[in-house]
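Contents: one structure, followed by commentary.
The values are calculated or read from the model by the stated rules, or taken from the named source; none is laboratory data. Nothing here was measured: the structure is a model prediction, and the numbers come from that model. All Cβ positions, even for glycine, are placed from backbone atoms using ideal geometry, and neighbour counts span all protein chains on display. For the accessible areas, the whole protein counts, side chains as well, though only heavy atoms, and no ligand, DNA or RNA atoms are used. Shrake-Rupley method; radii C 1.70, N 1.55, O 1.52, S 1.80 Å.
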Amino acid sequence: MTEPRNVLNMCVLCPGICVTECPVYMATHIRASAPNNLARIALKFMEGSKDMEDALWLCTGCRSCEYACPMGNKVWEAVRVLRGQEYISSTEARVERLTNNSKPGLLVVSPSKPNVNIVKTLGGDYSLYWVDSGVISETYWSGRNPILNLNGIEFILADDMDALTPLSLSEKRLVSPLKILKSLGAKRLLGDNGYTLHIPCKTPREYRDDIIGGISQVLGSPESIVEGCVAGGGGLPVKHPDLAREIAMYTMRNTNPGRPVVTLCSNAKMLLRKLGYQSLTLLDLIEEAAQR
Amino acid sequence: MSLDKFFEEATGLLGSRWVLLSDWQRYPYSRDYWPILVYKELSGGRASLPSGVVLPGSEGEVVELLELAGRHGVQIVAYGGGSGVLGGAVPDKNWVVMDLSRLDWIDWYDEESGIVDVGAGVYLKTLEEWLNKQGKTLRHFPQSFPEAVIGGLISTRSIGQYSTGYGGIEDLVRGLNVAVPSVGLVRIKPSPRRSVLLPLEQMFIGGEGLYGVITRAYLSAYDLPECSEKVGWISASFKNSLGNARSIVRRRIPPDLFRVYDEKESPLHFGVDGSVSIGVVEGECNVVEAKIEGIGKIVNADPWEGAELADKWLSKRFNVISDLWKLYELGMGFETIEISVPWGSAYDLYDSSMKSLGKLDRVFFTGVHASHFYQSGVALYYTIAYSLENIGDTYNSIWDTLMGEVSKHSASISHHHGVGRMRAKYLEAEYGPSGTELLSKLKNCLDPTSILRDKFFGGKS
Ligand SMILES: Cc1cc2nc3c(=O)[nH]c(=O)nc-3n(C[C@H](O)[C@H](O)[C@H](O)COP(=O)(O)OP(=O)(O)OC[C@H]3O[C@@H](n4cnc5c(N)ncnc54)[C@H](O)[C@@H]3O)c2cc1C
Ligand code: SF4
Ligand code: SF4
């Protein structure tokens, strides 16, 4: 990881090439959240102006600024370090073993607790393991490799964009949740009204089209696609709950609130549910399909 | 002056969400992109914060806030994208900033006429993306395209990289709404052209928030071009290039985007000796081809052959941070100064100013390119790298030297960045004492209690 002071200095020197990409700034008009200004404030915080702390929580860590930055600068990472959210202590992810048989090992990567229905659905074909996706993604995005004990595991099943990226880089074969959804006939779950597909902010641009194509094949084409941050992460919903709602509503402004939203981000799911959307991740769909 | 009363009533009007008083909320407004303040901040300095920030959500609220400011003797400075490079949007300690970002609507005023109705707080990039989705374009691409907003661009009379083809912002503005302290909201309806005494909209284009606050603009959009071809060629010297450019412009076949680099900048940007010219020619394909052929005859080269030079520049055209950062790591600051000059004295000014700037202590590099061309003259854009040590003295000597040369050669002190704080002291060199007095009297008439940036003409604060 680059020294935070250098990251922040670069943004101070920059007129803000990425500002219109920041969902927090565009939704809230709070100039302190625009990446170049956020960096200016973070630097003052670093130099001792502790009264500036509130601003540090205005970043969801969506990475849109990094993608738009000609230098790929990671202001979100520096800010996260400053607010003491380095996941150093949790780089070791605890893998829980759920079933013990001679089938090939499958690791489910999920923000939720181990789920009985999924165990039932997949337990016949695999020996199941479970791990918290939050730990993996946070560790990965902080520039470290998650320490995972993958002994006995041959396949990985993850539905959270945050976790998908680092895991797909690992040696293990990724079991597409889509394949399972297809076999379970998940399409019927979404009703006749269609669905909105939410592609989360952190989705690496090179995977975007494949993801949309894959999901459309299994669930049918979405009525609309929303790309971007709904401010579910980065501590923002906890520190600035009203702003988190504003941002989510801004991102979802052109969608039909009566339609279910399939999202690849479990944080987004939680926030959207608070706003009254029926929101599901792919694991939720697997679970529901299995229940029926 | 009663700031407390002002903020109390502003809160009643806007709600507390839109009146910003805490340090972290005010901090972003402590400067714009005036380099001297940027480098000061990087060396640990802290510019003064405004006493507060108000964010009106409608044109009516802008008018009411000005009225409130007048009643309580408060000074206001309008804030757009904060990308101005001369300190125009920088508040004094006891001023209030009016951030116009909530005026963010985009809609067609009249789609058939290609006139779009835009709030003053809309980012240029957002507007261009909106237009592109409908096959339209503003074709206004200042290098600050990602950071600047419509109200700020109009207020500084900005110009973009495609200026030879599409003109400056003054050619796009068809009408404006402006909140003027002594009058209230002035609605200047959109029109293709008018001859009705003073063209009122033009009074505020380049007004830098001194005479009124722009709330709404009616802008002309173009159809996206059918063809867009890149060209480039290399001449032996900048003098040659400028001569060729003049002929190309005179024959009315200039590339829509046209840039000519001197012998100092050409090696730096393109890795070649001599003087590089690049361009983009746009429009109907057959017209584009004919123009490029015509250009080739004038420059005695095949303009298609240098297309990769144009490509190279286009790929980095909004990326200012890479070079700025490299220089900063070497302990260097960077300044850009743009002026305009009639053809008759263009090269003399260039030659003489390069010699004068070359003599300055702690100035490591000076280069020039021309990127805006007219029948009668050209804009010269100076890029200057200097030591960050003793920055105040170096900075002032660069400006005084170049403005002195400009004055000597009867050139204009600014082509498109405007005046801001930095150029205020050179104003008489442009308009003379009587012209400057006229500007000051206009100010007194439109803003008699000096609400807007009152210090500019030696006002009361
Ligand atoms: C990297 C970089 C490249 C640039 N390239 C170009 C270029 O190619 N061409 C060019 O023309 N300029 C360029 N500029 C200068 C700058 O972007 C322009 O001056 C731009 O027009 C400023 O717009 P803004 O919205 O950032 O305005 P601000 O900086 O916020 O404000 C500029 C001035 O306008 C006033 N103002 C702002 N909004 C209003 C309003 N609604 N009503 C009345 N007054 C208002 C402010 O008080 C201030 O005096 C560049 C700047 C940078 C940093
Ligand atoms: S992230 Fe990059 S583009 Fe954004 S402000 Fe920082 S340096 Fe500029
Ligand atoms: S990571 Fe996202 S929320 Fe944070 S500053 Fe960048 S664009 Fe804004």
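Annotations
- Among residues that are open to solvent by less than 30 Å² (accessible area, probe 1.4 Å) and within 10 Å of chain A (Cβ to nearest Cβ), B:E59 is not included.
- Subset of the stretch B:307-330 [within 24 Å of B:D256 (Cβ to Cβ), open to solvent by 30 Å² or more (accessible area, probe 1.4 Å), hydrophobic (A, V, I, L, M, F, W, C) and away from ligand 2 (no atom under 16 Å from the Cβ)]: B:W313, B:L314
- Among the residues of the stretch B:337-370, those identified as closer than 30 Å to A:L8 by Cα, open to solvent by less than 30 Å² (accessible area, probe 1.4 Å) and not hydrophobic (A, V, I, L, M, F, W, C) are B:E338, B:T366, B:G367.
- Any hit, the stretch A:203-212, residues being at pLDDT 75 or above, closer than 22 Å to A:D125 by Cβ, open to solvent by 70 Å² or more (accessible area, probe 1.4 Å) and not hydroxyl-bearing (S, T, Y): no
- Listed here are the helices (runs of 4 or more DSSP H) enclosed by the stretch A:1-105 that have at least 2 residues being of a type in the set (A, V, I, L, M, F, W, C) and either more than 9 Å from chain B (Cβ to nearest Cβ) or open to solvent by 40 Å² or more (accessible area, probe 1.4 Å) (or both): A:4-13, A:23-28, A:35-46, A:75-82.
- Selected residue (only one of B:G367, B:G333, B:G306, B:G358 is within 14 Å of chain A (Cβ to nearest Cβ) and modelled with pLDDT of 95 or more): B:G333
Let's see how each residue does on (1) closer than 25 Å to B:G167 by Cα; (2) in contact with a Leu (Cβ under 8 Å, 6 or more places away or on another chain):
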| site | (1), (2) |
| --- | --- |
| B:D302 | no, no |
| B:F318 | yes, no |
| B:I339 | yes, yes |
| B:L349 | yes, yes |
| B:S352 | no, no |
| B:K355 | no, no |
| B:V363 | no, yes |
| B:H372 | yes, no |
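- The criterion of being within 16 Å of ligand 2 (Cβ to nearest atom), under 19 Å from the mean Cα position of the chain (by Cα) and not hydroxyl-bearing (S, T, Y) holds for B:G81.
- Against the test of being at positive phi, surrounded by 14 or more Cβ atoms within 10 Å (Cβ to Cβ) and in contact (Cβ under 8 Å) with a residue 40 or more places away in the chain, the options B:G333, B:G283 yield a single qualifying residue, B:G283.
- Some residue of the stretch B:152-165 being aliphatic (A, V, I, L, M), within 16 Å of ligand 2 (Cβ to nearest atom) and open to solvent by less than 10 Å² (accessible area, probe 1.4 Å): no
- Residues of the stretch B:408-420 satisfying the condition of being open to solvent by 20 Å² or more (accessible area, probe 1.4 Å) and at pLDDT 95 or above: B:K408, B:H409, B:S412, B:S414, B:H415, B:H416, B:H417, B:V419
- Any hit, the stretch B:70-81, residues being free of Cβ contacts under 8 Å to residues at least 12 places away in the same chain, within 13 Å of another protein chain (Cβ to nearest Cβ) and surrounded by 20 or more Cβ atoms within 10 Å (Cβ to Cβ): no
- Pairs are defined by a Cβ separation below 9 Å, a sequence spacing of at least 6 or placement on different chains, a first member in the stretch B:207-222 that is free of Cβ contacts under 8 Å to residues at least 12 places away in the same chain, and a second member that is more than 7 Å from ligand 1 (Cβ to nearest atom); no pair meets this definition.
- Yes/no for B:S277 being small (G, A, S), touching a Ser or Thr at 6+ places or on another chain (Cβ under 6 Å) and assigned to a helix (DSSP H, G or I): no
- Scanning the stretch B:210-258 for residues that are among the small types (G, A, S), open to solvent by less than 10 Å² (accessible area, probe 1.4 Å) and part of a helix (DSSP H, G or I) returns B:S241, B:A245.
- Selection from the stretch B:405-461 of residues that are among the hydrophobic types (A, V, I, L, M, F, W, C), assigned to a helix (DSSP H, G or I) and farther than 22 Å from B:V378 by Cα: B:A424, B:L438, B:L439, B:L442, B:C445, B:L446
- Restricting the stretch B:22-37 to residues that are out of contact with any Pro (no Cβ under 9 Å at 6 or more places or on another chain) and at the interface with chain A (Cβ under 7 Å from one of its Cβ atoms), the residue that is farthest from ligand 2 (Cβ to nearest atom): B:D23
- Just one of the listed residues (B:Y431, B:Y426) is at pLDDT 95 or above, under 20 Å from the mean Cα position of the chain (by Cα) and exposed (fewer than 15 other Cβ atoms within 10 Å of the Cβ), namely B:Y431.
- Residue within the stretch A:85-92 that is at pLDDT below 85 and touching a strand residue (DSSP E or B) at 6+ places or on another chain (Cβ under 7 Å) present: yes
- Of the residues making up the stretch B:87-108, those that are more than 16 Å from B:G121 (Cβ to Cβ) and either in contact with an Asp or Glu (Cβ under 7 Å, 6 or more places away or on another chain) or not polar (S, T, N, Q) (or both) are B:G87, B:G88, B:V90, B:P91, B:D92, B:K93, B:W95, B:V96, B:W108.
- Single condition B:P146 does not satisfy, out of (1) closer than 16 Å to B:I169 by Cβ; (2) within 11 Å of chain A (Cβ to nearest Cβ); (3) touching a Ser or Thr at 6+ places or on another chain (Cβ under 7 Å): (1)
- Residue within the stretch B:227-234 that is touching an Asp or Glu at 6+ places or on another chain (Cβ under 7 Å) and more than 30 Å from B:G306 (Cβ to Cβ) present: no
- Search result, residues across the stretch B:102-126 that are open to solvent by 10 Å² or more (accessible area, probe 1.4 Å), more than 9 Å from ligand 1 (Cβ to nearest atom), within 13 Å of chain A (Cβ to nearest Cβ) and of a type outside the set (V, I, T): B:R102, B:D104, B:K125
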